[in-house]
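The values are calculated or read from the model by the stated rules, or taken from the named source; none is laboratory data. In this text, all values refer to a predicted model and were calculated from it rather than measured experimentally. Because the Cβ atoms are built from the backbone with ideal geometry, glycine has one as well, and the counts that use them run over all protein chains shown.
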Amino acid sequence: MSSLIPLVEKEVKDLLRDPRIYIGLIVPVVIMPIIGFTMSAATHSSIESAVGGGVKVAVLDLDKTQTSLSFLKFANTTGLKVFEVKVDTVKEALKELKGNDAKILIVIPKGFESKISSLEGSTLALYFEVKSVGFGEMSAFLAVDRVVKLYSKTLSDTIISSIKPGINPTIVRTPLNTTSYTVIHDRILSMPPEAVFGQLFMGYGIMVPVVLMIVSIMVAQIAATATAVENEEKTLETLLTLPVSRYEILIAKVIGSTVVAVLGTLFSMLGFALYFRILFPLQEISGSAHLGTTALPAPTPQMYLALCLSLLIAIFFTTSLGVIVGALSSDVRISNSLIGAVIIPIMIPAFLIMYGDVR
């Protein structure tokens, strides 16, 4: 085993001298932030263009009463650009949308005020003309829907106060409230289960299998490329003639590929971190940071041990697989083609963990 360290140094140096290795190391750090910036810019641009200057809404008032007029005034105070169409039917009103910059039509039916006054309830019809598909279109519709629900709440407050003066309308609407607690390992957390599930799923159900999958795939690619390069340049035969065992050569290739793969994994994780940092700025999620991220139980030493063992087993298996693929390939192109097909089964355990139950 005294010759193992020089062999490992030789493998690491050979890998780092190959410029093709640096493509896999640098590309995630460069591409992921660009993708995040592009998606963020496109999303913000579409939303800003749709709701930045106020959503333009057409209203067909078939009731012509004080209540319908109060709705129009209320909608104008919320930032919507409301204009009334002077037609008699919905079809004619929809035709009016094409001549304006509006995409949404609100129809106030006849008997709107009388049904509300008699506590029968009424229904507003919202027509949304789809002119494009994107976040901006959905944001415009959600903005109008939010205004309608807010006006409905205002109406309910008025009705409840008129029936029973002095009572809190909120208690009448929601007489029963709940406080959720989550129990994990006999520890009671004052936070709803969905918040815990989201954090645990992202931490254990997504990040852990993704890291394992990235490391496994990168190790297999690096090992296959390194062995195929030696096979292509006829240096593998020379290495086999040296007074070292083939077991030591295999172990050296596994360790050398692992060292470079870990470096590549760090670059990949940095790229993903920049991607999420650009796509989801901290100021936008700071309001939800108090949901108890630090209140979750820390991983136990057994969890870290299981993760390390899983990582070592995955690295050993995929590196050996990459060495076999590289040894059976006459050049790097054939090696890359074969490793692409071999990598697919490696992804199956990661998806099983993501979509299965994680205990």
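Please count how many residues of region 230-267 are within 16 Å of Val219 (Cβ to Cβ) and either modelled with pLDDT of 75 or more or among the hydrophobic types (A, V, I, L, M, F, W, C) (or both).
Adding up the residues that qualify gives 17.
Out of curiosity, is Thr65 surrounded by fewer than 15 Cβ atoms within 10 Å (Cβ to Cβ) and either modelled with pLDDT of 85 or more or not β-branched (Val, Ile, Thr) (or both)? Working first, answer last.
On the way: surrounded by fewer than 15 Cβ atoms within 10 Å (Cβ to Cβ): no; either modelled with pLDDT of 85 or more or not β-branched (Val, Ile, Thr) (or both): yes.
Considered against the rule, which asks whether it is surrounded by fewer than 15 Cβ atoms within 10 Å (Cβ to Cβ) and either modelled with pLDDT of 85 or more or not β-branched (Val, Ile, Thr) (or both), Thr65 comes out as no.
Can you tell me which residues in region 75-95 are within 20 Å of Val148 (Cβ to Cβ) and over 36 Å from the mean Cα position of the chain (by Cα)? Lay out the reasoning, then the answer.
Applying the first criterion (within 20 Å of Val148 (Cβ to Cβ)) to region 75-95 yields 75-85, 90, 93-94.
Scanning region 75-95 gives Phe83, Glu84, Val85, Val90, Ala93, Leu94.
Take Ile313 and decide whether it is modelled with pLDDT of 80 or more, within 30 Å of Leu236 (Cβ to Cβ), aliphatic (A, V, I, L, M) and assigned to a helix (DSSP H, G or I).
Against the criterion (modelled with pLDDT of 80 or more, within 30 Å of Leu236 (Cβ to Cβ), aliphatic (A, V, I, L, M) and assigned to a helix (DSSP H, G or I)), Ile313 does not qualify.
For (1) among the small types (Gly, Ala, Ser); (2) outside the structural domain of Ala58 (by TED's automatic domain parsing); (3) touching a helix residue (DSSP H, G or I) at 6+ places or on another chain (Cβ under 7 Å); (4) in a strand (DSSP E or B), each residue gets a yes or a no:
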| position | (1), (2), (3), (4) |
| --- | --- |
| Glu113 | no, no, yes, no |
| Lys131 | no, no, no, no |
| Glu137 | no, no, yes, no |
| Leu142 | no, no, no, no |
| Lys149 | no, no, no, no |
| Ser152 | yes, no, no, no |
| Leu155 | no, no, yes, no |
| Ser161 | yes, no, yes, no |
| Asn177 | no, yes, no, no |
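Somewhere in region 117-129, is a residue modelled with pLDDT under 85, out of contact with any Asp or Glu (no Cβ under 9 Å at 6 or more places or on another chain) and surrounded by 13 or more Cβ atoms within 10 Å (Cβ to Cβ)?
Yes, region 117-129 contains at least one residue that is modelled with pLDDT under 85, out of contact with any Asp or Glu (no Cβ under 9 Å at 6 or more places or on another chain) and surrounded by 13 or more Cβ atoms within 10 Å (Cβ to Cβ).
Which residues, taken from region 1-36, are within 23 Å of Leu250 (Cα to Cα), modelled with pLDDT of 80 or more, exposed (fewer than 15 other Cβ atoms within 10 Å of the Cβ) and within 37 Å of the chain's Cα centre (by Cα)?
The answer is Arg17, and nothing else.
Conditions first: (1) more than 28 Å from Thr78 (Cβ to Cβ); (2) at pLDDT 80 or above; (3) polar (S, T, N, Q). Ser152 passes all but one, so which condition is the exception?
Going through (1) more than 28 Å from Thr78 (Cβ to Cβ); (2) at pLDDT 80 or above; (3) polar (S, T, N, Q) one by one, Ser152 breaks only (1).
Collect the residues in region 264-278 that are of a type in the set (Val, Ile, Thr) and over 12 Å from Val211 (Cβ atoms), keeping them in residue-number order.
Ile278
With the structure loaded, tell me whether Leu72 is in contact with a Gly (Cβ under 7 Å, 6 or more places away or on another chain) and of a type outside the set (D, E, K, R) or whether it fails that test.
It is false that Leu72 is in contact with a Gly (Cβ under 7 Å, 6 or more places away or on another chain) and of a type outside the set (D, E, K, R).
Within region 193-202, identify whether any single residue is modelled with pLDDT of 75 or more and farther than 19 Å from Leu15 by Cα, and answer yes or no.
Checking region 193-202: at least one residue is modelled with pLDDT of 75 or more and farther than 19 Å from Leu15 by Cα.
Return the pair list, or none, for Cβ contacts closer than 6 Å from residues in region 218-234 that are touching a residue at least 60 places away in the same chain (Cβ under 8 Å) to residues that are charged (D, E, K, R), at least 6 apart or on different chains.
Pairs found: Glu232/Asp331.
Can you find a residue that is farther than 30 Å from Gly36 by Cβ, in a helix (DSSP H, G or I) and at pLDDT 80 or above anywhere in region 284-306?
yes
Quickly run through region 136-160 and pick out the residues that are of a type in the set (Ser, Thr, Tyr) and under 23 Å from the mean Cα position of the chain (by Cα). Talk me through it step by step, then tell me what you get.
Taking region 136-160 and keeping what is of a type in the set (Ser, Thr, Tyr), we get 139, 151-152, 154, 156, 158.
Ser139 - this is the single residue of region 136-160 that is of a type in the set (Ser, Thr, Tyr) and under 23 Å from the mean Cα position of the chain (by Cα).
For region 221-250, what are the residues that are touching a Ser or Thr at 6+ places or on another chain (Cβ under 9 Å) and over 23 Å from Ser337 (Cα atoms)?
Leu242, Pro243, Val244, Ser245, Glu248
Take the residues in region 316-344 that are polar (S, T, N, Q) and either outside any helix (DSSP H, G or I) or not assigned by TED's automatic domain parsing to the domain that holds Ile251 (or both); name whichever of them is nearest to the chain's Cα centre (by Cα).
Ranking the qualifying residues of region 316-344, first place goes to Ser329.
Taking the stated definitions as given, is Ile108 more than 19 Å from Gln66 (Cβ to Cβ), hydrophobic (A, V, I, L, M, F, W, C) and within 40 Å of the chain's Cα centre (by Cα)?
Details: more than 19 Å from Gln66 (Cβ to Cβ): no; hydrophobic (A, V, I, L, M, F, W, C): yes; within 40 Å of the chain's Cα centre (by Cα): yes.
For Ile108, the condition - more than 19 Å from Gln66 (Cβ to Cβ), hydrophobic (A, V, I, L, M, F, W, C) and within 40 Å of the chain's Cα centre (by Cα) - is not met.
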